[in-house]
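A.B. asks: After the structure tokens below, expect a handful of questions from me.
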């Protein structure tokens, strides 16, 4: 696929970033769509300029990332647009996010999994943290060694 074709395909997805919205969500949407459309993410930095506007576009023009790998682009992008110590604070929030009184398991599960997804947890790490942060009543009836998936 040529860079021009890829750029057109990415623009058609309607995903843009202006420097003020959620940078992690922008990256996740791009990676999810790339997987769905069987596009190699390594080629995407060549076509990214058409998705960036305002501050983000100016940042990219001065970043010298055109032609760099996706890993390099993603790291530089998140380093610049995320608040300082974002992942450390997110990890603290996940560690202290316990199931609240009156909160159903499903509500708790969705909220904590969203945070863990942002932090890059794998499924085993998710299971451990979800279990450790459950209300004690749930832990009495569900021992950690008795399940290997949330299903």
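The values are calculated or read from the model by the stated rules, or taken from the named source; none is laboratory data. Worth saying up front: this structure is predicted, and the values here are computed from it rather than measured. Cβ: placed from backbone, ideal geometry, glycine included. Neighbour counts: every protein chain shown.
A.B. asks: Here is a list of conditions, (1) touching a strand residue (DSSP E or B) at 6+ places or on another chain (Cβ under 8 Å); (2) loosely packed, with under 13 Cβ neighbours inside 10 Å, and residue 20 meets all of them except one; can you say which number that is?
C.D. replies: Unmet condition: (1).
A.B. asks: Report, by residue number, each residue of the range 71-99 that is surrounded by fewer than 12 Cβ atoms within 10 Å (Cβ to Cβ) and in contact (Cβ under 8 Å) with a residue 12 or more places away in the chain.
C.D. replies: Correct list: 95 only.
A.B. asks: It is to be established whether one or more residues within the range 103-111 are farther than 15 Å from residue 28 by Cα, under 18 Å from the mean Cα position of the chain (by Cα), at pLDDT 90 or above and outside the structural domain of residue 24 (by TED's automatic domain parsing).
C.D. replies: Initially, the range 103-111 is screened for residues farther than 15 Å from residue 28 by Cα, giving 103-111.
Those still in the list that are under 18 Å from the mean Cα position of the chain (by Cα) too: 109-111.
Subsequent filtering for residues that are at pLDDT 90 or above retains 110-111.
Now drop any that are not outside the structural domain of residue 24 (by TED's automatic domain parsing), which leaves 110-111.
Among the residues of the range 103-111, at least one is farther than 15 Å from residue 28 by Cα, under 18 Å from the mean Cα position of the chain (by Cα), at pLDDT 90 or above and outside the structural domain of residue 24 (by TED's automatic domain parsing), which makes the answer yes.
A.B. asks: Pick out, from the range 40-130, the helices (runs of 4 or more DSSP H) lying fully within it that include 1 or more residues that are touching a strand residue (DSSP E or B) at 6+ places or on another chain (Cβ under 6 Å).
C.D. replies: Numbers: elements: 44-47, 54-63, 70-81, 86-96, 105-119.
Result: 54-63.
A.B. asks: Residue 11 passes all but one of (1) assigned to a loop (DSSP other than H, G, I, E, B); (2) touching a helix residue (DSSP H, G or I) at 6+ places or on another chain (Cβ under 8 Å); (3) more than 16 Å from residue 73 (Cβ to Cβ); (4) at pLDDT below 90; which number fails?
C.D. replies: Every condition holds for residue 11 apart from (1).
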